[in-house]
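Below you'll find the structure, written out as structure tokens, and then a few comments.
The values are calculated or read from the model by the stated rules, or taken from the named source; none is laboratory data. Note that this is a predicted model, so its numbers are computed, not measured. Positions of Cβ are backbone-derived with ideal geometry, glycine not excepted, and every protein chain shown enters the neighbour counts.
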Amino acid sequence: MTVTHHVRVYKSEEELPREQQLAWKIAEVAADPVEVEPEVVDMIVNRIIDNASVAAASLTRAPIVAARAQALSHPVSTGGTGAAIFGLPMTGAAAELTSPEWAAWANGVAVRELDYHDTFLAAEYSHPGDNIPPILAVAQHVGADGAALVRGIATGYEIQMDLVRAICLHKHKIDHVAHLGPSAAAGIGTLLGLDAATIAQAVAQGLHTTTATRQSRKGEISTWKAHAPAFAGKMAVEAVDRAMRGQTSPNPIYEGEDGVIAWMLDGPDASYEVPLPAAGEPKRAILDSYTKEHSAEYQAQAWIDLARKLHHERPELADPANVTAIVLHTSHHTHYVIGSGANDPQKYDPQASRETLDHSIPYIFAVALQDGGWHHVDSYTPERAGRPDTVELWHKVTTAEDAEWTRRYHSEDPDEKSFGGRVEIELADGTRVVDEIAVADAHPLGARPFAREQYVAKFRLLAEPVLDTAEIDRFLDLVQRLPELTAAEVRELNIIARTGVIDLAAAPKGLF
């Protein structure tokens, strides 16, 4: 049975034994050798496929090119045989390996760049698939087998999602990767079979080094949006290394008088109820997460599906001359983060960056309404964003917070929790179109829930332009045997681009 841990701030003169601190409680979960259930294993396989899909589609994008060049500037560290970088060969004379923290960096950027992989939304929000690159990199470096990798990933998902259930970061303008540093450190601890004392130090260090402001997701959004989770993964690898060498971390990191809760979150009088698995309880959190069919912020997924539906049912809505106003009644989070409630003029700017447009529900809804679908590249081109009829329709779209949709967004009942809302369209002839959607079509409760078939199809769609068919088949055959993989096979758990796709010599130059 899940145990709820009461977490509050302690003054320096108050005694808080290390074993009662949240970092230690997290470490105890990570050190628990409980078996991973078959359905959890299957979902981990799905998410490794999903990560590989979006990484393949990003191999030639500028942030990945830069991060990959940085990683390749660092040789394989001692203590292991190195880790693979997405797109590059792992064996033979052409092998390109790097130290695990730099592989976590490069691969983490590739996974996050298109904002196209799995998600979990509760008190905070997250992309728990961000745990996979650092845990996999360490597994490859140290020679862990598939079963150990499965256990580590199960822990990473569990810890990040449990923190997301309980502790809101964005309310205090702290970036959500502050939950990822601790979870990735815990997952690596599980992978390596470390004791709770060592993992607790790594968890504390992982949190301490990954708290940053949300300006990375505000206004004109930069390429750091993709780098932020990769940085958290890299810090987690380094935190584990440091803890393994017997070094200690700020204590208590969550509960301290000058700690994260007191000064970055709800303040010195704050308290949280954090759910964690009891001893011997399987780690099942990954089953509560959901992936994306469309390359956009998760709160936009259902709206894209609704716009796609309206495009086919009411094609006249694509013409701005027929529309007076479009109002999306939705949750507080959607309204204030990706809606007009953010008060970001950039969300209506045709010259805005791709990172900004994928956090603009007015733009996304307008384009999906006109096109009847969404494409991870074509929907974001400057030509598409600047089309005059699109700009005219886009500027007629606003959002409004609706208390009921906010309540449903925060509901803990999976049958009620939703990420959509109600659209009200005022037409030029005085009539109105009203429709609503609760969850995305690909959601477990949606019209077309994702299963293995859909994950494989997504991988083939995104990988075919850059991977040979034989390489696509090799990767899929390998990953679907994940719990049985030998250490040598885990090292091959990578995707290799076809010749000519990646030009290492053309990468930008930096300090390293």
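In the set (1) touching a strand residue (DSSP E or B) at 6+ places or on another chain (Cβ under 7 Å); (2) surrounded by fewer than 24 Cβ atoms within 10 Å (Cβ to Cβ), the condition left unmet by GLY92 is number (1). Apart from one condition, ALA67 fits all of (1) surrounded by fewer than 17 Cβ atoms within 10 Å (Cβ to Cβ); (2) at pLDDT 95 or above; the exception is (1).
Flag set for GLU426, criterion: over 23 Å from ILE85 (Cα atoms), in the same structural domain as VAL397 (by TED's automatic domain parsing), modelled with pLDDT of 95 or more and not small (Gly, Ala, Ser).
Does segment 1-20 include one or more residues that are buried (at least 24 other Cβ atoms within 10 Å of the Cβ) and among the small types (Gly, Ala, Ser)? Within segment 1-20, not a single residue is buried (at least 24 other Cβ atoms within 10 Å of the Cβ) and among the small types (Gly, Ala, Ser). For ALA94, the conditions (1) without any contact (Cβ under 8 Å) to a residue 12 or more places away in the chain; (2) at positive phi; (3) not charged (D, E, K, R) all hold with the exception of (2). Every condition in (1) in contact with a Cys (Cβ under 6 Å, 6 or more places away or on another chain); (2) more than 30 Å from LEU287 (Cα to Cα) holds for GLY80 except the one numbered (1).
Residue pairs whose Cβ atoms lie under 7 Å apart, separated by 6 or more positions or on different chains, with the first residue in segment 440-451 and exposed (fewer than 14 other Cβ atoms within 10 Å of the Cβ) and the second among the charged types (D, E, K, R), are ALA447/ASP441; ARG448/ASP441. State which residue is surrounded by the fewest Cβ atoms within 10 Å (Cβ to Cβ) when the search covers only segment 95-105 and only residues that are outside any loop (DSSP other than H, G, I, E, B) and touching a His at 6+ places or on another chain (Cβ under 6 Å). In this case the residue turns out to be THR98. Is it the case that segment 302-317 has a residue that's in contact (Cβ under 8 Å) with a residue 24 or more places away in the chain, out of contact with any strand residue (DSSP E or B) (no Cβ under 9 Å at 6 or more places or on another chain) and outside any helix (DSSP H, G or I)? No, segment 302-317 contains no residue that is in contact (Cβ under 8 Å) with a residue 24 or more places away in the chain, out of contact with any strand residue (DSSP E or B) (no Cβ under 9 Å at 6 or more places or on another chain) and outside any helix (DSSP H, G or I). Of the listed requirements (1) of a type in the set (Lys, Arg); (2) over 24 Å from GLU113 (Cα atoms); (3) crowded, with 16+ Cβ neighbours inside 10 Å, ARG407 misses just one: (3). If you filter segment 437-463 down to residues that are charged (D, E, K, R) and out of contact with any helix residue (DSSP H, G or I) (no Cβ under 7 Å at 6 or more places or on another chain), you find that the one that is farthest from SER331 (Cα to Cα) is GLU453. Just wondering, is there one or more residues in segment 312-333 that are farther than 15 Å from PHE419 by Cα, of a type in the set (D, E, K, R) and in contact with a Gly (Cβ under 7 Å, 6 or more places away or on another chain)? No, segment 312-333 contains no residue that is farther than 15 Å from PHE419 by Cα, of a type in the set (D, E, K, R) and in contact with a Gly (Cβ under 7 Å, 6 or more places away or on another chain). The set of residues in segment 252-288 that are assigned to a loop (DSSP other than H, G, I, E, B) and either aromatic (Phe, Trp, Tyr) or outside the structural domain of ASP118 (by TED's automatic domain parsing) (or both) contains only TYR254. Considering each residue of segment 351-367 in turn, none proves to be touching a residue at least 60 places away in the same chain (Cβ under 8 Å), on the phi > 0 side of the Ramachandran plot and out of contact with any strand residue (DSSP E or B) (no Cβ under 9 Å at 6 or more places or on another chain).
In the set GLY206, GLY259, GLY267, which member is surrounded by fewer than 17 Cβ atoms within 10 Å (Cβ to Cβ) and either within 14 Å of ALA185 (Cβ to Cβ) or of a type outside the set (D, E, K, R) (or both)? Of GLY206, GLY259, GLY267, the one residue that is surrounded by fewer than 17 Cβ atoms within 10 Å (Cβ to Cβ) and either within 14 Å of ALA185 (Cβ to Cβ) or of a type outside the set (D, E, K, R) (or both) is GLY267.
Taking each residue of segment 209-237 that is surrounded by fewer than 24 Cβ atoms within 10 Å (Cβ to Cβ) and looking for partners that are aromatic (Phe, Trp, Tyr) with beta-carbon atoms closer than 7 Å, six or more apart or interchain, yields SER216/TRP224. Considering segment 382-423, the qualifying helices (runs of 4 or more DSSP H), each wholly inside and each with 2 or more residues that are in contact (Cβ under 8 Å) with a residue 40 or more places away in the chain, of a type in the set (Ser, Thr, Tyr) and over 20 Å from ASP319 (Cα atoms), run over 403-410. Would you check if ALA368 is buried (at least 20 other Cβ atoms within 10 Å of the Cβ) and assigned to a loop (DSSP other than H, G, I, E, B)? No, not satisfied. So for segment 376-395 (the condition being touching a Leu at 6+ places or on another chain (Cβ under 7 Å), within 14 Å of GLN299 (Cβ to Cβ) and crowded, with 16+ Cβ neighbours inside 10 Å), does at least one residue qualify? No, every residue in segment 376-395 fails to be touching a Leu at 6+ places or on another chain (Cβ under 7 Å), within 14 Å of GLN299 (Cβ to Cβ) and crowded, with 16+ Cβ neighbours inside 10 Å. Across segment 218-261, what is the number of residues that are out of contact with any helix residue (DSSP H, G or I) (no Cβ under 6 Å at 6 or more places or on another chain) and either among the β-branched types (Val, Ile, Thr) or more than 22 Å from SER99 (Cα to Cα) (or both)? Residues that pass the stated criteria total 11.
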